[in-house]
Each structure stands twice: as C-alpha cells, then as structure tokens.
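A.B. asks: Got a structure for you, questions after.
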Amino acid sequence: MKKLFLFVILASTLIFGFGCISEPVMPEKPDAQPEPVEEIEEPKEDEQKQEIGEIALVERVDYDFSLFPGPKPFSRGINMGNALEAPVEGSWGMVIREEFFQIIKEAGFDHVRIPVRWSAHASAEYPYNIWPGFLRRVDQVVSQALAQGLTAVINIHHYEELMHDPEFERERFLAIWRQIAEAYKDWPPNLYFSVLNEPMGNLTTELWNQYLVDALKVIRESNPDRMVVIGPANWNAISHLAFLDWPEGDENLMATFHYYSPFEFTHQGAGWVTNPPPVGTRWMGSEAEIRAIKRDLDRAVRFAEENDVTVWLGEFGAYSTADIESRALWTATVAREAEKRGIPWSYWEFGSGFGAFDRIANQWNQELLNSLISDDVTSYVTIDETPAYEIFGFDIDTDGWIGADAQPQWGEGTTKIEHERKNTYDGDGSLRILLTGGANRYKVMAPETIFTKVVPGKTFVYRVFIPEGSGVTAIQPYAQYNNWAGWADSYIPDIPEGSWITIDWTIPEGVSQPLNSFGIMVHTGHTNEKYIFVDKVEID
C-alpha cells in the first residue's frame, strides 16, 4: 500500500487557536515547533469498492475495554481543539499525545470533546469511504481518553462543504455517520457522539432540523442506546436552542450550545475573524456583565426544562490576546454560573490559542486552570423569577422601528430603516439604519408597544455594529415622557468600529408614563450615507 507520510509544516501563513463561533475559521501560525504525526494510509483501490460501513472493519486494533475504567460523572471537560479537526493533524500546531489525557484527568476534568474533520479523510465520491489510517488514528486517541476514565465526545467538525451546499452533501454526511456509528457500535458507553459542530451558512435552521433527524436515524441503526448530542443551527448559538426541533421519544439525547459572549471580548484580535474586535477590551466582572451571562444561561435552562433534557455547554473560552486577569475572571464566571444551573461544560480548548495548557512549558496556565477547576460546592439553582428576555430580534422584519427626519438644528438629513440578513449579531436578521444627508444626529424610534415596559430600574441591552469609516461618533439611548417635556438618555461615545458591541442602559429614576418616544439617537460627522446595525434588543 502506498503510504503518505504526513509532516507538519511550520508556516507563517497558518494560524492556530481559534474558538468556533460567528465566523469561518482560518488556522493561525503555530506557537510551538510542530511534531510529525503517525502516518496515514491512503485507501487501496479495492477498499474504495466496499459498501458503506464496511470500512470500519478494516485493520483496526482490538481494544480490551474490560481494562478501562467505567463511566464517570459528566460535568467538567475540555476540548482537544486544533488537532484532528485541522486539515491534517499537526498543521495547526497541535498534535494529541497520550500523556495529555492523564494530565487532564489528574487536573480534575471528567470528559474531553474531540473535534474530528472526517470530511477531509473520506472519499468525495460514493460510497464516501473513510480512510482506514485516519480511522485508526481516531481509535487511538479515543481509546487513550477512555483508558483514563474520561468520557470522550467525538463529532463531525468543520464540514465546510455541507455548510456551503447542504443538499449536495447530504448523502455523504449520512454515509460518514453510518461508518462512524458502525465503527464504534461495540465501544463503551462513555463514548458519546455529537452530530455536527456549529451548523451555519446555507445549512439553515429548517434544513438542519431535517438533517439531524436523518443522522440520528442512521446512528440508531447500530447504536440504539448511545448518548448522542445535538445542537441548534446558527453556530450552536444559545439563542437558537428555541428553534431546535427536539426529537421526541429518545431518552439518550443531550442538547448543546456554544458561548462566546461578549464577542468583542472573547475574540479580540482573532485573526481568522473578519474585522476582528480590537485588542484591549477588558472584562471586569461588573454587575451588568455578570447579569448578561446569567441571562443567557437561563435561556438554556428554560430549554432544558421545557424538553426534559440535559443541556451541555460544549464550547466557551476567551482568546489569548485578552489580558489573563479578564480571561480568568470571565472563564470562572461562566463555569460557576453554568454549574449552578446544572449545566455541564467543556472549555475551548486544551493547548492552542485559547489553551489552558502551555505545551511548550508542559504545564497548566494556572490562572485558567484555577478558574475552571474550583472546590466550591455547587448545586442546581432555578432561573431568575424575572429573567431578561428578547423584545426585538429583527429576524423577520424591522419589528416596527421607524426613522425620523433630522430636526432643523441638527442639519438636513433623513433616517431610513431596513431589514438586514447578512450582518447579524444573533439570529436571522438585524436592523439596518441608513443615515443620509449632512445632519449631525439622527433619531431611531421603537414602536409604542414597548412603552409600558420603559420604567425606572429596567435595563435595556442593545447590540450595535458600526462599520469602519462610518463617521458615527456616539450612540445615545433615550426616552421622552411627560408630554415631551421630560428627557432621559445615556450618551455613549467612542464606540469601536467593525464589530458587534453590547451597550446597556438602565432607565433612571424620574422617567414616568405615559411615554412619548423611546429609541436611539445616532451622532455623526457631517458626511453623507452613513449606516449602523442594531440587533437583539433585550430587557432585564
């Protein structure tokens, strides 16, 4: 058999260490000398002719699972990212070594998530056979995790072709799962399957709800009782759990979501993101910041309660360009709040750009490890009695928002409101606000249906995107009341351009009903054709 020896090439154009959310990812330059990995054999001609599923039986090690520890509690885990989901293991600077799993186990973790890019190691033509050498490598990694008593979760990761052309790739997607399921049907129950990482792009919510049912049916043919993990479309966003059609009658299912909020903090300086947020954003653990995390995790709890299912936080993390104090504080807050709500979690990731382990120094980043593994006694708590909820998602239309012509003292200008589908913070749409003319400020108004909720002490949360070079100088949430005589606002200048940011405004004392106008003032320079985007307006 012809052999293909795979060696890692250190290239300045490669980028490692990314979290999986909101933008297509690109590899980053490795920070350590890459290592050669086990050779992977190309498929023989006669193997290409096998029926789907038979590939799983070719030249594999017969592991004695009776020697492995039994299943343990599933609560705190870590992702083995940037390895088997790279185009070739090692090309993103990360090669999984056996000793990593002992290090992980001894640190106090009980499970690992192992992302796998099966699509890069399977034939593009029917019967879409997985390469035997790659399957043996996945066997090896999974068995090393199980041998330490860890639960292992394998998935289909970075199946970019499926996201681009779902209908063309559907048969191949299901064929790959048929082979995976057949390959591991006799493996211990602490091996879990996760159907697909972060469905997005042309794999819409509607299509994904169909495909996951098809994939689950294929898996259940050979694995009727194995734990299977499924998550929503739109990058496994927590907001899209509500749009996930939960399969009924299957008790061995777990839901998952990913969490990287606020994005401007967790992905600052991330080179694979289009227009990455600028470096320097800190996360201080303020009351408003912690409240935002609680509010988001409460949404997952509601989904879990409504569907009587465990919800797993499969990814969360902050990129290494953020300061370590903020990273540790944010990480600890997310982990502890998840645990309080009975949500198991898996940190992104072990040893790359988000990594909690320094592979060069061969030691944990102690601040991050301490933030993840805590001796605090945790217990389930119910969600807030008055949780924050979304009032304007702009998924279908402009939700009744309107623009007003500039007042004479501001200069001449008009405000046009449009529905936007391409640039969104979360969901299927956002509000595009086009500002024309030479005015220095413009008014955007919410519908009267929200007026009764504008009371002192309530906090309104806005997600805002200001394009680079737009000339926008400030955003000013406001309320007018008392027959137009009363005015309250929060003037927020120097908003970063080129990325989504979150702004909060708590309604001050003195604002009273009836309300006359409520919305946002946009301050600009005197230039024509400016625009901003607003999305996911919530009230707490």
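The values are calculated or read from the model by the stated rules, or taken from the named source; none is laboratory data. What you see is a predicted model; the values in this text were computed from it and never measured. No Cβ is skipped: glycine too gets one built from the backbone with ideal geometry, and neighbour counts run over all protein chains shown.
A.B. asks: I want to confirm something. Restricting to the stretch 98-119 and keeping residues that are in contact (Cβ under 8 Å) with a residue 60 or more places away in the chain and not in a helix (DSSP H, G or I), which single residue is farthest from Val195 (Cα to Cα)? Outline the logic, then answer.
C.D. replies: So in the stretch 98-119, the residues in contact (Cβ under 8 Å) with a residue 60 or more places away in the chain come out as 100, 103-104, 107-109, 111-113, 115, 118.
Checking which are not in a helix (DSSP H, G or I) leaves us with 108-109, 111-113, 115.
Numbers: Gly108: 27, Phe109: 23, His111: 17, Val112: 16, Arg113: 13, Pro115: 11 Å.
Top of the filtered list is Gly108.
A.B. asks: Another one. Name the single residue, out of those in the stretch 439-461 being touching an Asp or Glu at 6+ places or on another chain (Cβ under 8 Å), assigned to a strand (DSSP E or B) and not polar (S, T, N, Q), that is farthest from Glu509 (Cα to Cα).
C.D. replies: Filtering the stretch 439-461 for residues that are touching an Asp or Glu at 6+ places or on another chain (Cβ under 8 Å), assigned to a strand (DSSP E or B) and not polar (S, T, N, Q), the one farthest from Glu509 (Cα to Cα) comes out as Val461.
A.B. asks: Still on this structure, please answer the following. Among (1) over 24 Å from Gly353 (Cβ atoms); (2) assigned to a helix (DSSP H, G or I); (3) under 14 Å from the mean Cα position of the chain (by Cα), which single condition is Ile290 missing?
C.D. replies: Failing condition for Ile290: (3).
A.B. asks: Working only within the stretch 490-531, note down all residues that are of a type in the set (D, E, K, R) and more than 28 Å from Ser261 (Cβ to Cβ).
C.D. replies: Glu509, Glu529
A.B. asks: While we're here: For residues that are surrounded by 20 or more Cβ atoms within 10 Å (Cβ to Cβ) and more than 29 Å from the chain's Cα centre (by Cα), tally how many sit in the stretch 115-130.
C.D. replies: Here is the first cut: in the stretch 115-130, the residues surrounded by 20 or more Cβ atoms within 10 Å (Cβ to Cβ) are 115-119, 121-122, 128-130.
The next check asks that each one be more than 29 Å from the chain's Cα centre (by Cα); those that pass are 129.
So the answer is 1.
A.B. asks: If you don't mind, there's one more thing I want to ask. Being over 21 Å from Gly413 (Cα atoms), surrounded by fewer than 20 Cβ atoms within 10 Å (Cβ to Cβ) and under 33 Å from the mean Cα position of the chain (by Cα) is true for just one of Ile495, Ile507. Which residue is that? I'd like the intermediate steps shown before the answer.
C.D. replies: Working: Ile507 fails: surrounded by fewer than 20 Cβ atoms within 10 Å (Cβ to Cβ).
That would be Ile495, the only listed residue that is over 21 Å from Gly413 (Cα atoms), surrounded by fewer than 20 Cβ atoms within 10 Å (Cβ to Cβ) and under 33 Å from the mean Cα position of the chain (by Cα).
A.B. asks: I'd like to verify a number: residues in the stretch 338-355 that are over 20 Å from Glu98 (Cα atoms) and polar (S, T, N, Q), how many? Spell out the reasoning first.
C.D. replies: Here is the first cut: in the stretch 338-355, the ones over 20 Å from Glu98 (Cα atoms) are 338-345, 353-354.
From what's left, polar (S, T, N, Q): none.
Qualifying residue count, the stretch 338-355: 0.
A.B. asks: Here is a further query. Output the qualifying pairs, or none if there are none: Cβ atoms under 9 angstrom, residues six or more apart or on different chains, first residue in the stretch 507-520 and assigned to a loop (DSSP other than H, G, I, E, B), second residue charged (D, E, K, R) and surrounded by 12 or more Cβ atoms within 10 Å (Cβ to Cβ).
C.D. replies: Listed by first residue and then by second, the contacts come to Ile507/Lys458.
A.B. asks: While we're on this one: Answer yes or no: is there a residue in the stretch 111-122 that is farther than 29 Å from Asp64 by Cβ, of a type in the set (A, V, I, L, M) and modelled with pLDDT of 95 or more.
C.D. replies: The answer is yes, given that some residue of the stretch 111-122 is farther than 29 Å from Asp64 by Cβ, of a type in the set (A, V, I, L, M) and modelled with pLDDT of 95 or more.
A.B. asks: Could you go through the stretch 154-165 and let me know if any residue there is touching a Phe, Trp or Tyr at 6+ places or on another chain (Cβ under 9 Å), buried (at least 21 other Cβ atoms within 10 Å of the Cβ) and hydroxyl-bearing (Ser, Thr, Tyr).
C.D. replies: The first filter runs over the stretch 154-165 and keeps only residues touching a Phe, Trp or Tyr at 6+ places or on another chain (Cβ under 9 Å), leaving 154-157, 159, 161-162.
Filter once more, so that each one left must be buried (at least 21 other Cβ atoms within 10 Å of the Cβ): 154-157, 159, 162.
In the following step, the residues that additionally are hydroxyl-bearing (Ser, Thr, Tyr) were identified as 159.
Yes - at least one qualifying residue is present in the stretch 154-165.
A.B. asks: Oh, and also: Name the residues in the stretch 395-427 that are within 22 Å of the chain's Cα centre (by Cα), part of a loop (DSSP other than H, G, I, E, B) and in contact (Cβ under 8 Å) with a residue 40 or more places away in the chain, would you?
C.D. replies: Restricting attention to the stretch 395-427, the residues satisfying the condition of being within 22 Å of the chain's Cα centre (by Cα) are 395, 420-427.
This time we only want the ones that are part of a loop (DSSP other than H, G, I, E, B), so: 395, 421-427.
Hits for the stretch 395-427 are Asn423, Thr424, Tyr425, Asp426, Gly427.
A.B. asks: Filter the stretch 79-93 down to the residues that are under 19 Å from Ser143 (Cβ atoms) and either touching a His at 6+ places or on another chain (Cβ under 9 Å) or assigned to a loop (DSSP other than H, G, I, E, B) (or both) and list them by number.
C.D. replies: Met80, Ala83, Leu84, Glu85, Glu89
A.B. asks: Tally up the residues in the stretch 430-473 that are farther than 19 Å from Asp494 by Cα, surrounded by 20 or more Cβ atoms within 10 Å (Cβ to Cβ) and of a type in the set (D, E, K, R), please.
C.D. replies: Here the count works out to 1.
A.B. asks: Looking at Gly149, Gly133, can you tell me which residue is touching a helix residue (DSSP H, G or I) at 6+ places or on another chain (Cβ under 7 Å) and in contact (Cβ under 8 Å) with a residue 60 or more places away in the chain?
C.D. replies: Numbers: Gly133 fails: touching a helix residue (DSSP H, G or I) at 6+ places or on another chain (Cβ under 7 Å).
Of the residues listed, the single one that is touching a helix residue (DSSP H, G or I) at 6+ places or on another chain (Cβ under 7 Å) and in contact (Cβ under 8 Å) with a residue 60 or more places away in the chain is Gly149.
A.B. asks: Here's another thing I want to ask about it. Go through the stretch 332-357 residue by residue and tally those that are in contact with a strand residue (DSSP E or B) (Cβ under 7 Å, 6 or more places away or on another chain) and either not aliphatic (A, V, I, L, M) or not assigned by TED's automatic domain parsing to the domain that holds His157 (or both). Talk me through it step by step, then tell me what you get.
C.D. replies: Of the residues in the stretch 332-357, the ones in contact with a strand residue (DSSP E or B) (Cβ under 7 Å, 6 or more places away or on another chain) are 334-335, 338, 343-351, 353, 356-357.
Narrowing the set further to residues that are either not aliphatic (A, V, I, L, M) or not assigned by TED's automatic domain parsing to the domain that holds His157 (or both) leaves 344-351, 353, 357.
So the answer is 10.
A.B. asks: Can you tell me which residues in the stretch 179-201 are surrounded by 20 or more Cβ atoms within 10 Å (Cβ to Cβ) and more than 23 Å from the chain's Cα centre (by Cα)?
C.D. replies: Gln179, Ile180, Ala181, Glu182, Ala183, Tyr184, Asn190
A.B. asks: Answer yes or no as to whether Val279 is over 23 Å from Asp535 (Cβ atoms) and touching a residue at least 12 places away in the same chain (Cβ under 8 Å). Steps first, answer last, please.
C.D. replies: On the way: over 23 Å from Asp535 (Cβ atoms): yes; touching a residue at least 12 places away in the same chain (Cβ under 8 Å): yes.
So Val279 passes the test.
A.B. asks: Here's something else I'd like to know. Out of the residues in the stretch 221-265 that are in a helix (DSSP H, G or I) and aliphatic (A, V, I, L, M), state the one that is farthest from Gly393 (Cα to Cα). Steps first, answer last, please.
C.D. replies: Of the residues in the stretch 221-265, the ones in a helix (DSSP H, G or I) are 221-222, 233-236, 238-243, 263-265.
With the extra rule that they be aliphatic (A, V, I, L, M), the set shrinks to 233, 238, 241-242.
Details: Ala233: 16, Ile238: 14, Leu241: 14, Ala242: 13 Å.
Restricting to residues being in a helix (DSSP H, G or I) and aliphatic (A, V, I, L, M), the top hit is Ala233.
A.B. asks: In the stretch 482-535, which residues are modelled with pLDDT under 90 and touching a Gly at 6+ places or on another chain (Cβ under 7 Å)?
C.D. replies: Thr524, Gly525, His526, Thr527, Asn528, Lys530
A.B. asks: A further question follows. Does Asn236 fit the bill of being within 22 Å of Arg170 (Cα to Cα) and under 14 Å from the mean Cα position of the chain (by Cα)? Quick ask: steps written out before the conclusion?
C.D. replies: On the way: within 22 Å of Arg170 (Cα to Cα): yes; under 14 Å from the mean Cα position of the chain (by Cα): yes.
For Asn236, the condition - within 22 Å of Arg170 (Cα to Cα) and under 14 Å from the mean Cα position of the chain (by Cα) - is met.
A.B. asks: Go through the stretch 488-511 and count every residue that is under 22 Å from Pro447 (Cα atoms), among the aromatic types (Phe, Trp, Tyr) and in contact with a Phe, Trp or Tyr (Cβ under 7 Å, 6 or more places away or on another chain).
C.D. replies: Qualifying residue count, the stretch 488-511: 1.
Yes or no, residue by residue, for (1) under 24 Å from Ala288 (Cβ atoms); (2) in contact with a helix residue (DSSP H, G or I) (Cβ under 8 Å, 6 or more places away or on another chain); (3) in the same structural domain as Thr205 (by TED's automatic domain parsing):
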position	(1), (2), (3)
Ala404	no, no, no
Asp426	yes, yes, no
Thr459	yes, yes, no
Thr473	yes, no, no
Ile495	yes, no, no
Thr502	yes, yes, no
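A.B. asks: Restricting to the stretch 265-315, and then to whatever is of a type in the set (Asp, Glu) and under 28 Å from Val229 (Cα atoms), can you tell me which residue is surrounded by the most Cβ atoms within 10 Å (Cβ to Cβ)? So that I can check it myself, show each step before the final result.
C.D. replies: Filtering the stretch 265-315 down to residues of a type in the set (Asp, Glu) leaves 287, 289, 296, 298, 305-306, 308, 315.
So of that shortlist, the ones also under 28 Å from Val229 (Cα atoms) come out as 296, 298, 305-306, 308, 315.
Values: Asp296: 20, Asp298: 20, Glu305: 12, Glu306: 11, Asp308: 8, Glu315: 28.
My answer is Glu315.
A.B. asks: Out of all the residues in the stretch 138-145, is one or more closer than 18 Å to Asp62 by Cβ and charged (D, E, K, R)?
C.D. replies: Yes: one or more hits.
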